[in-house]
Each structure stands twice: as C-alpha cells, then as structure tokens.
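Visitor: Dropping a structure here in structure tokens format, bear with me for questions.
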C-alpha cells in the first residue's frame, strides 16, 4: 500500500500494550502473532513497550546486557539514570523484536502525586480503584516519560509513531498530547469496557445503545476510572481505531468519537504443504479425543466412534455474551431432532472455558486411569498371544487358526476381567469434568435442558471448566491440536468485538459457526458471499430474538450432522483454503494506513 505521508526522515514505530511479554488474553494473540509481519516492514525500527512481570517474562524475554547506542538504547539508559527500573532486550517470538519493559514497582512512591495530577488536568477519578488500575497508571506514566525523553532527544531526525492498545496501556496518552510531545499517536480499543458489562447485564443492549449515559453506567458498574481512561485516549489520539464495525457502533456512544479506521485481527498462518497432510493431523488428534471419550462414556455405555462428531466452543466465561446459552439451547433442539429421526450419529459437545474449581473430578480421573490399565493389559495379552501363535504356527502341522484363548495365561485373563468389571458402572457419565467451587449458569442450563448424557441422547455434553493445555491429564493435547481433532467450532456470540476462536478454527481447516454480532462474523459477511459454502456459518443475532436464533443454529447443526464424511472433508479443505485472507502479511496494510495517517495528522 502506498504511504499517505512521505518524508526523508527515518520512521520509528512503538507499539504499546499491557500484553507484551505478558500473556493474559486475546490481545496477547493479536500483538504476538502480528510481530513477524511488522518486523518484515519496519525491521529494527519497530519496538514494543510493555510492563515487566519477572515470572511471566522469564520464558519470553532475553535481556540486552548493555544498552546500545540506538535511540531506544540511549533513552533506556537515561530513564535508569532518573531512577526508573527499565528492562531492555528481545521478545523471544518469531521476528525477535526489541522490547522495553517497565518495572511498575519503581513508580510506587509517585502514585498518589500521579493520581492527583490526572484528576487536576483530566478529571480522571482514581479514588479506591482496584490494584490493576494502579498498575496500569504506573505503566502509563513510565511509557509517557520514555516517549517524551525519546522525542525530546531524537524527534528532529526521526518521525515517531506510538500505537496504544486498550485502556491498560493508554493512561499516559492524554499527557503526551497536552505537552505536545512530537509523536504521532494511534489508539485501538479492542472492546469497550462498558460494552462488555452492559451486554451481559442489560436486555436488548444493541437496541438501547443510544440511550445509555456512559458516565452514569460506568459509576454503576464501578469502572469509572477504566472507562474514563479509554474515553480520554480515544478523544486525544491522532488516529482512533477499533477492530470491527460491530464495536465501532459502541465507540460513538461510550467514547464520544467514531473510529477513523477499522483494524481487523489476523493470525500468523502456518500453511501445510498439502491437503492430505492437514487431513492426517485431523485424524491423528481425533484419535486422542477418542481415547478421552472412551474413558469418559464407555464405562456406562458405548457408541460407534466412527459415527461420532466432535463439536466444541471455548472462551472466557461470559454465559450470554459468548453465546453459551444459545449453543446449549440449540444442542437440546438438535438432540430432539436426531432422536426423532432415529439417527445413529453421536455428537459430543465440549464446552471449554475457565471457572473456579477444586480439582479434576476424582471419578473422571479414576475411569481414565482404569481405561489406561485395560489398554496395558490388552497390549500384554496381545504380545503373549502373538509370540505363542508364532511358535505354534511354525512348529505345528495344522494350517487352520488355533484357539487363541489357549495362549493367554490365567493371570492376564483374570486381570483383564477384574479391571473391566471395576471400570463398568451404572452411573451416567458426568457432564462436568471438574469439581466446581459452586454451580454456575452452565451447569444449571445443562440440567434444565436435560442434556445429562443419557444413553438415548444423541448429543453428549462435556463441560471442561479449564483451558486445554498439553499438561492436561484428560486429553494430553494443546489447544491447537484439540481444535484440529474436532469437526466443528461453535461461537454464536451476542457480544464479541472480534472473536479469535472462529478464526483459529478457519486457519486449522475446521468449519465454524460465528454470529453477525461478532467482529469476525461481520467481517466475513463483508468480504465473502459464499461463506457458508466455505464452512463458515453465521447466526443472525442482530434481527432475530433468542428463540429464532436458537432455531437457526439448530438447523445449521442438523444439516452438518447429516453431511457425508466426504462432504465434511471437502468442507475442511475449503475452509483451510481461505485462511490466507487472515494472514497478517495481508491484514497488516490496515495498520500501515493507521500509522501513515497518524504521522500525517501529527505534522503542523
């Protein structure tokens, strides 16, 4: 893309985010996955600024022992001379960009004076705020000092742009504008603070959007400081952006400014050499999910794994915002339809989110351990039978297959029988894998819909209230492997500024359901006509009520379970083939436009 602004000066881009070397949520994925594409364009003129949390940084950060003579190195040295604790080094991700990390402890003694100044100059209320807000204020101030020192010393030779992500990184931005520091600023909100709260607590949120008083609602939910920082950053930045047209509607009401640009999120897409290789990955990881399903369900009853489909949803626990309520309602309707049609297909639905729990349920672990013991015993019998069959065949005169039971020792027969007997149970398979600290909306809805894993149910539920990682004893898969092993991801969100989960399905060749209220779904509908044919299903949540949307989702799922295996394989190939659209090498151009526009507006 042609730059909107050209100059003989070198350009330097600073990207500021709470999630630099600090994995806390979806924005970490945005920042980290975008790095290779940014380094490709900016090379060494791209530097990230973040907070320094030693335990989190340990695995991702490599220090530069002695600051270099670059503008960044000189500024790091100057800040240290002023008494600030500043780390300088490399982020150990693809592209190895330079990072500057600020130890927030070095601001503790200045916090009260900082808060007083922010109230005096910007009417930012910070009395009695939670500790996270105090941390972000310290971070914002250290970022402000760093950028001011950098600009004061080097702006004559270098054009600088600073891109701030979310309110947690942006409390220093209004002061940079007030002091007229020579830096072009971009602010991106990935989700408005008020939108997230109101959408899950107020009925018909989108229909009533224009009626909300931002300050009144912020006080009601105890987030006035956060919402004010967000609003100030939006109003004071040279260029204000958000991640989707869906969120842009909120910005005018809550932040008092329409975004200048939309910056859709991408991923660093890893392509596989051939479709069959990527189909092999699906089969391999599906086998691992089979193992869990056998251990979880087969102790009570069994079903044909070759006729079993794995659906899943995942994300933070926002029961209505993430569409978990709609998903479960649609699954209950799908279950009824499949039973009425007397289908021999089984659907296992994994609800993967994060909720407080004591431990994995001991019965769930025990049944998995017993299944492993059955496998080990079977393998021992297989080995013994194989060796004795070989000897009998080689030394005997009979050409027919002998009675294999004679080749098994009594010990192994007895052990297999006892293990199987102790494994089998009359109790229904549990629909939640962990012992929750307390019942939640998910468990209540599952019981109410009677999706409790009866043998006659065609739809089975596995509620897993912890994110999936390779250290998990139930699956032994990391999240990306788990996704590849499934057949369909379901994310019909009511409130979703972007939505990485359906995008993560697309780039792994897994068909997915999204909604027109999610930024991803809205973007797909804008850029693609035949998205459903490509394996991306969009539930209409803008104009349909809950009941109508649940029916539409149930229809989508019913059509999917009736597809042939060949059609599903073809659909997986079609989904994977469009993943390049979302590669950062293509979507970075939106960011390029924002940075060029900010530099142009910064010029007097």
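Every read-out reported here was derived from the displayed coordinates using simple, explicitly stated rules and does not represent laboratory data. Source: prediction; values computed, not measured. Counting neighbours? That spans all protein chains shown, and the Cβs are built from the backbone with ideal geometry, glycine included.
Visitor: Averaging sequence separations of C-alpha pairs under 8 Å and six or more residues apart, then dividing by the length of the chain, give the relative contact order as a whole percent.
Guide: Working: 1021 pairs, mean separation 95.7, N = 604.
Contact order relative to length: 16 percent.
Visitor: What FRET efficiency comes out for residue 407 versus residue 447 if R0 is 51 angstrom and r is the Cβ-Cβ distance? Round to the nearest 0.05. Present the calculation step by step, with values, prior to reporting the outcome.
Guide: Numbers: r = 49 Å, r/R0 = 0.96.
The computed FRET efficiency comes out at 0.55.
Visitor: List 513, 507 from most exposed to least, where exposure is judged by having the fewest other Cβ atoms within 10 Å.
Guide: On the way: 513 27, 507 23.
In order of increasing Cβ crowding within 10 Å: 507, 513.
Visitor: If one takes the longest principal axis of the Cα atoms in the chain, at what angle in degrees, from 0 to 90 and to the nearest 10, does the Cα axis of helix 584-602 lie?
Guide: In the chain, helix 584-602 runs at an angle near 10 degrees to the longest axis.
Visitor: So how do 94, 247, 514 line up by other beta-carbon neighbours within 10 Å, fewest first?
Guide: Details: 94 13, 247 23, 514 32.
Final ranking by Cβ density, sparse to dense: 94, 247, 514.
Visitor: Using alpha carbon centroids, what distance separates segment 561-585 and segment 389-447, in Å?
Guide: 36
Visitor: Reported to two decimal places, what Rg/Rh ratio describes segment 408-481 when computed on Cα atoms with Rh from the Kirkwood expression? Present the calculation step by step, with values, prior to reporting the outcome.
Guide: Numbers: Rg = 17.0 Å, Rh = 15.4 Å.
Using only Cα positions, Rg/Rh for segment 408-481 is 1.11.
Visitor: Note down the relative contact order for segment 364-423 as a percent, whole number, built from C-alpha pairs under 8 angstrom at least six residues apart.
Guide: Numbers: 25 pairs, mean separation 32.4, N = 60.
Over segment 364-423, the number comes to 54 percent.
Visitor: So, how do all the Cα-to-Cα distances of segment 204-283 break down into 5 Å bins, in percent, from 0 on up?
Guide: The percentages, shortest bin first, are 3, 12, 17, 17, 14, 7, 5, 5, 7, 9, 4, 0.
Visitor: Can you tell me the mean projection area, over all orientations, of the convex hull of the chain's alpha carbons? Units nm², please. Don't jump to the answer; show the numbers that get you there.
Guide: Numbers: hull surface 133.2 nm².
So the Cα hull casts an average projection of 33.3 nm².
Visitor: Okay, next question. Whole angstrom only: what separates the Cα centroid of segment 72-106 from the Cα centroid of segment 306-344?
Guide: What the calculation gives is 47 Å, centre to centre.
Visitor: How many angstrom lie between the C-alpha centres of segment 231-249 and segment 11-34?
Guide: 17
Visitor: On a 0 to 90° scale, report how tilted helix 362-395 is relative to the longest principal axis of the chain, with both axes built from alpha carbons and the result rounded to the nearest 10.
Guide: Roughly 50 degrees between the two axes.
Visitor: Which residues among segment 53-96 fall inside the zone where the amide N is under 16 Å from a point 7 Å beyond the Cα of residue 109, along Cα→Cβ?
Guide: Backbone N within reach: 80-86.
Visitor: Here's something else I'd like to know. Taking the chain as the reference, fit the longest principal axis to its C-alpha atoms, fit the long axis of helix 275-297 to the helix C-alpha atoms, and give the angle between the two in degrees, 0 to 90, nearest 10.
Guide: 70
Visitor: Taking the beta-carbon count within 10 Å as an exposure proxy, list 8, 171, 378 from fewest neighbours to most. Walk me through the numbers on the way to the answer.
Guide: Numbers: 8 5, 171 30, 378 13.
In increasing order of surrounding Cβ atoms, one gets 8, 378, 171.
Visitor: Tell me, rounded to the nearest percent, the portion of alpha carbon pairs in segment 252-360 spaced more than 23 Å apart. Intermediate results must be reported in sequence, preceding the final value.
Guide: Values: 3332 of 5886 pairs.
Above the 23 Å cut-off, segment 252-360 has 57 percent of its Cα pairs.
Visitor: Using only the Cα atoms of segment 364-423, what semi-axes does the equivalent ellipsoid have when each is the square root of 5 times a gyration tensor eigenvalue? Give whole Å, largest first. Write down the numbers at each step before the final one.
Guide: Working: eigenvalues 176, 21, 11 Å².
Over the Cα atoms of segment 364-423, the ellipsoid semi-axes are 30, 10, 7 Å.
Visitor: Moving to a separate point now. With a cut-off of 8 Å between alpha carbons and a minimum separation of six or more residues, what is the relative contact order of segment 11-126 in percent? Before the final figure, lay out each step's value.
Guide: Values: 162 pairs, mean separation 29.3, N = 116.
Relative contact order of segment 11-126: 25 percent.
Visitor: With the cut-off at 1.5 for a/c, could you classify segment 455-604 from its C-alpha gyration tensor as rounded, prolate or oblate? Numbers along the way, then the final one.
Guide: Numbers: a/c = 1.87, a/b = 1.55, b/c = 1.20.
Judged from the Cα gyration tensor, segment 455-604 comes out prolate (a/c at least 1.5, a/b above b/c).
Visitor: Report for the chain the percent antiparallel among DSSP-assigned beta bridges with both residues inside it, nearest 5. Don't skip to the answer; put the middle values down first.
Guide: Working: 11 of 62 bridges.
Rounded to the nearest five, the antiparallel share is 20 percent.
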